[in-house]
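**Q** Here it is, the structure, as structure tokens.
The values are calculated or read from the model by the stated rules, or taken from the named source; none is laboratory data. Model, not experiment: these values are computed from the prediction. Cβ coordinates were reconstructed from backbone atoms using ideal geometry, including for glycine residues, and neighbour counts include every protein chain displayed. These area figures cover heavy atoms from the full protein model, side chains too; ligands, DNA and RNA do not enter into them. Shrake-Rupley method; radii C 1.70, N 1.55, O 1.52, S 1.80 Å.
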Amino acid sequence: METLSMLAEGFSVAMSFQNILAALAGGILGLIVGAMPGIGSLAGCALLLPLTFHFDPTTAIIMLGSIYYANMFGGAFSAILINIPGDAPAIMTALDGFAMTKKGHPGKALFISNYSSFVGGLIGMIILVFLGPALASFGLNFGPSEMTMLMLVAMTSISWLVGENPITGIIASCLGMMISTLGVDIVSGQIRYNFGSIWLLGGINFIPLVIGFIGMTQLFDLVKQDMSGEKLSYVDAKIRFRDTLLTKDELKRATRPSITAGLMGTFVGFLPGAGATAASFLAYAAEKKISNGKTLVPLGEGAIEGLAASESANNGAAAGAFGPLLALGIPGSGTTAVLLGGLMMWGLNPGPMLFSTNPDFAWGLIASLFISNILSLAISLGCIPWLQKIVRVPIGVMIPSILMICFIGAYSTSNSMFGVVIMLIGGFLGYIFSKCGLPTAPLLLAFVLSSTLETNLRRAFLTSHGNIAMFLERPITDVFLAIFLIMVLVPVGRAIYKKAKNNK
Amino acid sequence: MLNKLNWRCVLYILTAILGIIWVVLGFGTYGFWSAEEGPGAGFFPAIVGCVLVFFSIVEFIKSIGSDAVKFDKEALYLVASVAGILILNFFIGLFPALVIYYVAWLKFVEKYPWKKVILITIFYGGIMYGVFSLWLQVPFPTGILLSWL
Amino acid sequence: MKKNIILTVLVFLLAATAVFAQGGKEADDGQFHIKGNVDFYVSSSSGGGSDIITRTITDIASKNGIVDAPFIVYNQPDGNGQISRRTVSTARNADSTLLCFSSGDLTAMIQNGGLTLDDFRPLVILAADKHLCFVNAEGKYSSFEEIMEAVKNGQKINVGGTMSDERVVFNMLCEELGTKDSFTYITYGSASESIAALLGNHVDIAISKPAAANQYVIAGDIIPVLALSTTRFGAPFDTAPTLSELGYNDVEYPMWRGVIGAKNMSDEAVAFWADAFKKVSETEEWQKNYLERNLLVSQYMGPEEASAVMYEAQAAAQAQN
């Protein structure tokens, strides 16, 4: 009960006219920046941070919270409308979201994405309020061996994403993992696979790679359509406003995945160093198993369930990441690290002392998260009628516009032409891959997950001095090991059983 | 035999070669395993490389004789666009290069009337310039012509 | 007619890019003046420690009229920071190109190879910080003596820290103690990650700077057990003894943050920047917004002093490479 009264007090702090106005401004700016490919939530927060310096501390932190939160909403827009994921978690959003757009339902896709983001965020925040500090301390138990097993499970579930030919999925994943090994090895500090180039020392930045592999690759299809004149825009039919509203059935289809994925996402968000990408991906893979055969269209071809799972988990993780940040002072992602910097600028030191030394601040911030969740939902729902007009833009105009934003976005991630080069290589490779039947999503996901896997695997060996038993001795690793074995052995067993049956 | 090979086969030969490079460097140069420290910098990449080589070979064999891969000639438009932007960027900087490409595409590929071309360019280019350059202060490269001035 | 107006606007748009890059002021008296903009490079992305100090400096310098020319901050994290370092070392407008530089950057530069301090002009050091060893309050060990005792009994100790300066100070520590085989260093991406690992008992010791650990020490979650400095730290870190108190030689590798310029920077420009940063470091905003927040004391060092400190650190880093 004490928690609730604290939260109520937090709301009374956050609800002043000035604070709401600041949250609104932060929400709108955060949405715009989040929707810009190449900026993403990390750079978006960093770029908008100075804006908050003009206000008094409480207002500034509320604005910061809403910038962060709206960024998460905005990341889905470009993924759904023009198939350019603004940041890593949006890869999963683009899979089903853009497929829905191509089928003529951009408004619905945006609606579902906003709705699920809201639900996922809400779940995350409620958990944060009641179980935040407890879960954050539990997350500390995730040491190198636990993280290794979690990542192994995540990697294995990539295979669920690939259709008929799992071998191409494995090849693509291997390529993604190999790209992630370029540059300085973070465990030993050794330089590897840079082939004498200083550009490769720091490895490959993820954002330009995604912009290339997904955003630019699709241009090849667009150019072909444009030249053959078969289609004038992404969607030729007129889009009416009432088409964007969800039917009862669609809402029902989106709700259950939003809840399960929101719970899952929040939990992953609480783990130090796991991040929103792993959350949205794991939730998506799990959704594929849960709703197997019960969806109208398979996941990946424009299924409401897939889109809902990805967006909800992403926002659940965003809220969950506040747990370790506020309770322990540990940022779970790059973006929360920027937030931590922002909070410290205001003389606030998140950590074990925060809730006792600055309760009004801490609860004000949590209350403002609830407010920004509602505000972001309202703002983005209000934008849908205008946003969905984008897909009616003629393809002939779309092509140079997308190419331009690919260049600008790739350049902006590190302010150098190296990003552009990565983007272009990704774009051309993506085209060749798609022609040869090699899927690109596993490559990108493996790229993101593999550095966490590798570092933790090696840390695990280092801390245990080469003793492999640490993967068996700890209870949490045992659980993951069991999941992993089930995931690997069940399909194999089923295949053998089928074969035996057919032979009879 | 040779006429049965297609681009798919070439791709898997390339990925296998890439895998071999990763394995050789991982085992040889970067250190696979040391007694005191456990896995070295080459441990993980070498394993991944092994897996890649194996499955590349499997997929290579499967691809022999499969349907030929055809690339679209329309792709050349994009290749030309990218090359044009990169060359212009060298001389006049990235943003002007992109604007010129934008105008050229709308005018000469899409054959829009000038008025429409300019209106669209100002609208879209203005948004891009306003957001990225003025607001977010991204320092775009300026090209060698400007540094002579 | 309408067409002409539209064309004019377009030309203006293109010209704006040019003006943006060229804008600046001309010199109007005999003193040293900066031509055009000041390019201030940061070798990490927005939001990191180097970025925060750079933006604080440029903010103060512009607001208080210390430097008239506009600053443009370039975040160029490519190539592990090596790209921005190379860019600055060979910059053509050498007098107005600066690089935010710390001992961590120096370690990375030496590791990556190809560049040394000889390719730059050291300008100033603005802040310095030292390290401490921490243990978990509920962990196996509660003092550094206990740890050394355990080492003698053949126990292995896991030490967590970041890749740059903390790794260097760890190696120096091992050399002094002769414990290279008993201590295993686990690299973490940031100080907060290594402290999280310590809180979860995944490492036995975490090496960190005081600011990152402050909260946890006050809360009693972790205990400082060793000061890697020649003198003890202030409260709440004053319980940690130095190595000389334990009967060894003191080990320290001060982590400093400063600014360096291009190799070809003129002497007038070096004097100008040294003076400008001195003024920045004397402002109240610098005290309040930067030093106090990061538990630092003012540590201004001019070009000669800074150069001496940087070369000393370079020697230490090269010795380990």
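**Q** Can you classify the protein assembly as shown as rounded, prolate or oblate using the Cα gyration tensor, where a ≥ b ≥ c are the square roots of its eigenvalues, rounded means a/c under 1.5, and otherwise it's prolate if a/b beats b/c and oblate if not?
**A** Rounded, since a/c falls under 1.5.
**Q** Counting only other chains, what is the mean number of Cβ atoms within 10 angstrom of the Cβ of each residue in peptide B:99-107?
**A** Mean partner-chain Cβ count within 10 Å for B:99-107: 3.
**Q** Next question, about the same structure. Give me the distance between the Cα centres of the stretch B:1-77 and the stretch C:110-157, rounded to whole Å.
**A** 41 Å
**Q** So, in Å, what gap is there between the alpha-carbon centers of the stretch B:78-148 and the stretch A:257-317?
**A** The stretch B:78-148 and the stretch A:257-317 have Cα centres spaced 39 Å from each other.
**Q** When N counts the residues of the stretch C:56-167, how does its alpha-carbon radius of gyration compare numerically with 2.2 N^0.38 Å, as a ratio?
**A** 1.55
**Q** Around A:PHE480, with a cut-off of 14 angstrom between Cβ atoms, what is the net charge of the other residues, counting Lys and Arg +1 and Asp and Glu -1?
**A** Combined, the nearby Lys, Arg, Asp and Glu give -2.
**Q** Given the -39500 (n - 2.57) contribution per DSSP H run of 4+ residues, what per-residue ellipticity at 222 nm results for chain C, rounded to the nearest 500 deg cm²/dmol?
**A** -12500 deg cm²/dmol
**Q** Cβ under 9 Å from A:TRP160's Cβ, A:TRP160 left aside: what net charge do those residues give with Lys, Arg +1 and Asp, Glu -1?
**A** Working: positive: A:LYS288, A:LYS289; negative: none.
Local net charge: +2.
**Q** Still on this structure, I have one more. Check which residues have an amide H placed less than 5 Å from C:LEU228's amide H, if you skip close sequence neighbours.
**A** Under 5 Å from the amide H of C:LEU228: C:HIS131, C:LEU132, C:CYS133.
**Q** Using only the Cα atoms of the stretch A:101-223, build the gyration tensor, take square roots of its eigenvalues as a ≥ b ≥ c, and label the shape rounded, prolate or oblate: rounded if a/c is under 1.5, else prolate if a/b is larger than b/c, else oblate.
**A** Taking the square roots of the gyration eigenvalues as a ≥ b ≥ c, the stretch A:101-223 is oblate.
**Q** What ranking, highest mean first, results for peptides A:124-137, C:299-312 when packing means the other Cβ atoms within 10 Å averaged over each residue?
**A** A:124-137, C:299-312
**Q** Please get the size of the charge dipole for chain A, origin at its Cα centre, with Cβ charges of +1 on Lys and Arg and -1 on Asp and Glu, quoted in debye to the nearest 20.
**A** 1520 debye
**Q** Separate question: Within a 10 angstrom radius of each residue's Cβ in A:26-35, how many Cβ atoms of other chains show up on average? Whole number is fine.
**A** Mean shielding by partner chains, rounded to a whole number: 1.
**Q** Taking all protein chains together and a probe of 1.4 Å, list B:TRP33, B:TRP135 from the most accessible to the least accessible. It would help to have the intermediate numbers written out before the result.
**A** Details: B:TRP33 120, B:TRP135 90 Å².
Greatest to least solvent exposure: B:TRP33, B:TRP135.
**Q** Then there is this: Dividing the Cα radius of gyration by the Kirkwood radius, what Rg/Rh value follows for the stretch B:76-128?
**A** Rg divided by Rh gives 0.98.
**Q** Here's another thing I want to ask about it. Within chain C, what percent of beta bridges assigned by DSSP are antiparallel, to the nearest 5? Walk me through the numbers before you get to the answer.
**A** Numbers: 24 of 41 bridges.
Taking every DSSP beta bridge with both residues in chain C, the antiparallel ones total about 60 percent.
**Q** Let me ask something else. Assign one of three labels to chain A, namely rounded, prolate or oblate, based on the Cα gyration tensor with a ≥ b ≥ c the square roots of its eigenvalues; rounded applies when a/c is under 1.5, prolate when it is not and a/b is larger than b/c, and oblate otherwise.
**A** The shape class here is rounded.
**Q** Name the residues whose placed amide hydrogens come within less than 5 Å of the amide hydrogen of A:SER233, ignoring near sequence neighbours (fewer than 5 apart) on the same chain.
**A** Correct list: A:ILE395.
**Q** So, one more: How would C:VAL280, A:VAL448 rank on accessible area, largest to smallest, probe 1.4 Å?
**A** A:VAL448, C:VAL280
**Q** Next question. Please compute the net charge surrounding C:CYS174, taking Lys and Arg as +1 and Asp and Glu as -1 over other residues with Cβ under 12 Å from its Cβ.
**A** Numbers: positive: C:ARG167, C:LYS180; negative: C:GLU175, C:GLU176, C:ASP181.
Local charge sum for C:CYS174: -1.
**Q** Which residues of the stretch C:53-82 bury at least 50 Å² of accessible area once all protein chains are present, versus their chain alone (1.4 Å probe)?
**A** C:ASP78
**Q** Separate question: With n ≥ 4 as the cut-off for DSSP H runs, can you work out [θ] at 222 nm for chain A, using -39500 (n - 2.57) per run divided by the number of residues, rounded to the nearest 500?
**A** -23500 deg cm²/dmol
**Q** Here's a follow-up. With all protein chains present and a 1.4 Å probe, how do A:GLU311, C:GLU284, C:GLU149 order by accessible area, largest first?
**A** Accessible-area ranking of A:GLU311, C:GLU284, C:GLU149, largest first: C:GLU284, C:GLU149, A:GLU311.
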